[in-house]
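Structure record follows, encoded as structure tokens.
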Amino acid sequence: MLVEEGFVCMSNDVQLHGKGLFSKEEVTVSINKKINSGVLFTVNNGNKESISANVENVSNATRNTVLTNGNESICLIEHFLAACSILGVNDIEVITNKNELIIGDGSAIHWRDAFLKANLCSTVKEKIDLSKTIFVKKDKKQITAIPHDGFKVSYCMDWEHPALGKLYASWEPKDGSEKILRARTFAIKEENDYFGVTETLLTLDEKGFNKKLHEPLEPLYHKILDIIGDLRLSGINPLEVNMHVIGFKSGHELNVELAKELSVSLRGGS
């Protein structure tokens, strides 16, 4: 058994402890191998309720992506699913004592560390061709998936703020996973003040960010992280698909709509 930095590892099982964003209490998450399960979330705060990581179970995608089975819900799953996708983690049960996962520093790096310690990672290879372009749009926001040689994600940001503005970033697996997995979520000060996380998470005010960015395009890489995590809800690891996903000012809601379209397209629907 290994106990280190909030982790408890035994064989292919791992347990993490950390503060919840919404509950403000300690969240305990156990990750266990479970054959032929895909990614299965189980909320164990009295009665065990399991929720499959499937786009049909999405109940809300405003600020983060929330899944439900009708009795229980689980939120903040997008960073976890992105780490699963990038690191080839599948067929696991994720048991949490709260209706949320651990936020950490707002990135997916703590999930990367947990997967590595428990030896859950595998190699991901593109093996599925996208047969047609899929386009989703709402107001001035849009996201599209285009047939491509390999997997790639690009994001265009257009914020009226001197610390951001009009920016573009692109990522594909050959670029390495570090810049995506360590990219932290960010929010304006008023929103982070509301949740009491202004000092712990990446916060944007009129002067700029409260913490030094890992790199100038970190906010865009986090948007790419979100896209990858949300698209995992299609039931297929997006990194296995030969496609170029391009988001323009898109967020969780459009990501989820694209996941629905991908689920149909990649499974041979009309």
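The values are calculated or read from the model by the stated rules, or taken from the named source; none is laboratory data. A quick note: this is a predicted structure, and the numbers were derived from the prediction, not measured. Positions of Cβ are generated from backbone atoms using ideal geometry, with glycine treated the same way; all protein chains shown enter the neighbour counts.
Looking at Ile95 and the list (1) assigned to a helix (DSSP H, G or I); (2) touching a residue at least 40 places away in the same chain (Cβ under 8 Å); (3) surrounded by fewer than 23 Cβ atoms within 10 Å (Cβ to Cβ), which single condition is not satisfied?
Every condition holds for Ile95 apart from (1).
For the range 77-92, which positions are surrounded by 22 or more Cβ atoms within 10 Å (Cβ to Cβ) and free of Cβ contacts under 8 Å to residues at least 60 places away in the same chain?
Across the range 77-92, the qualifying residue is only Val89.
Is it the case that Ile109 is surrounded by 15 or more Cβ atoms within 10 Å (Cβ to Cβ), β-branched (Val, Ile, Thr) and in contact with a Lys or Arg (Cβ under 8 Å, 6 or more places away or on another chain)? Break it down stepwise before answering.
Numbers: surrounded by 15 or more Cβ atoms within 10 Å (Cβ to Cβ): yes; β-branched (Val, Ile, Thr): yes; in contact with a Lys or Arg (Cβ under 8 Å, 6 or more places away or on another chain): yes.
Here the answer is yes, as Ile109 does meet what is asked.
Residue by residue, here is whether (1) within 19 Å of the chain's Cα centre (by Cα); (2) modelled with pLDDT under 95; (3) aliphatic (A, V, I, L, M) holds:
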| residue | (1), (2), (3) |
| --- | --- |
| Leu167 | no, yes, yes |
| Glu178 | yes, no, no |
| Thr185 | yes, yes, no |
| Glu191 | no, yes, no |
| Phe195 | no, yes, no |
| Leu201 | yes, yes, yes |
| Leu225 | yes, no, yes |
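Given the residues Lys260, Lys223, which is the only one that is crowded, with 18+ Cβ neighbours inside 10 Å, assigned to a helix (DSSP H, G or I) and not aliphatic (A, V, I, L, M)? Step through it out loud before you land on a result.
On the way: Lys260 fails: crowded, with 18+ Cβ neighbours inside 10 Å.
Matching residue, one of Lys260, Lys223: Lys223.
Restricting attention to strands (runs of 3 or more DSSP E) lying wholly within the range 1-52, give those where 2 or more residues are modelled with pLDDT of 90 or more and closer than 15 Å to Leu116 by Cα. Break it down stepwise before answering.
Numbers: elements: 2-4, 7-10, 13-19, 26-33, 39-44, 48-52.
It comes to 13-19, 26-33.
Somewhere in the range 60-72, is a residue part of a strand (DSSP E or B) and charged (D, E, K, R)? Step through it out loud before you land on a result.
Taking the range 60-72 and keeping what is part of a strand (DSSP E or B), we get 60, 66-68.
Subsequent filtering for residues that are charged (D, E, K, R) retains none.
The answer is no; no qualifying residue exists.
Could you list, in sequence order, the residues of the range 239-256 that are in a helix (DSSP H, G or I) and more than 15 Å from the chain's Cα centre (by Cα)? Spell out the reasoning first.
Let us first name the residues in the range 239-256 that are in a helix (DSSP H, G or I), namely 239-240, 252-256.
Result: Glu240, single match.
In this structure, does Ser107 turn out to be at pLDDT 95 or above and not in a strand (DSSP E or B)?
Numbers: at pLDDT 95 or above: yes; not in a strand (DSSP E or B): yes.
So Ser107 fits the description; yes.
Condition first: over 30 Å from Glu93 (Cβ atoms) and modelled with pLDDT of 95 or more. Now tell me which residues in the range 118-131 satisfy that. Steps first, answer last, please.
In the first step, residues of the range 118-131 are kept if they are over 30 Å from Glu93 (Cβ atoms); the result is 129, 131.
Result: Asp129, single match.
Every residue, every condition in (1) over 22 Å from Ala108 (Cβ atoms); (2) in the same structural domain as Leu87 (by TED's automatic domain parsing); (3) part of a strand (DSSP E or B), yes or no:
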| site | (1), (2), (3) |
| --- | --- |
| Gln142 | yes, no, yes |
| Lys152 | no, no, yes |
| Glu160 | yes, no, no |
| Ser170 | no, no, yes |
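Give the residues of the range 174-203 that are in contact with a helix residue (DSSP H, G or I) (Cβ under 7 Å, 6 or more places away or on another chain) and outside any helix (DSSP H, G or I), sorted by residue number. Before the answer, list the steps.
Pass one, the range 174-203, residues in contact with a helix residue (DSSP H, G or I) (Cβ under 7 Å, 6 or more places away or on another chain): 177, 179-186, 198, 201, 203.
Within the range 174-203, Ser177, Arg182, Ala183, Arg184, Thr185, Phe186, Thr198, Leu201, Thr203 meet the criteria.
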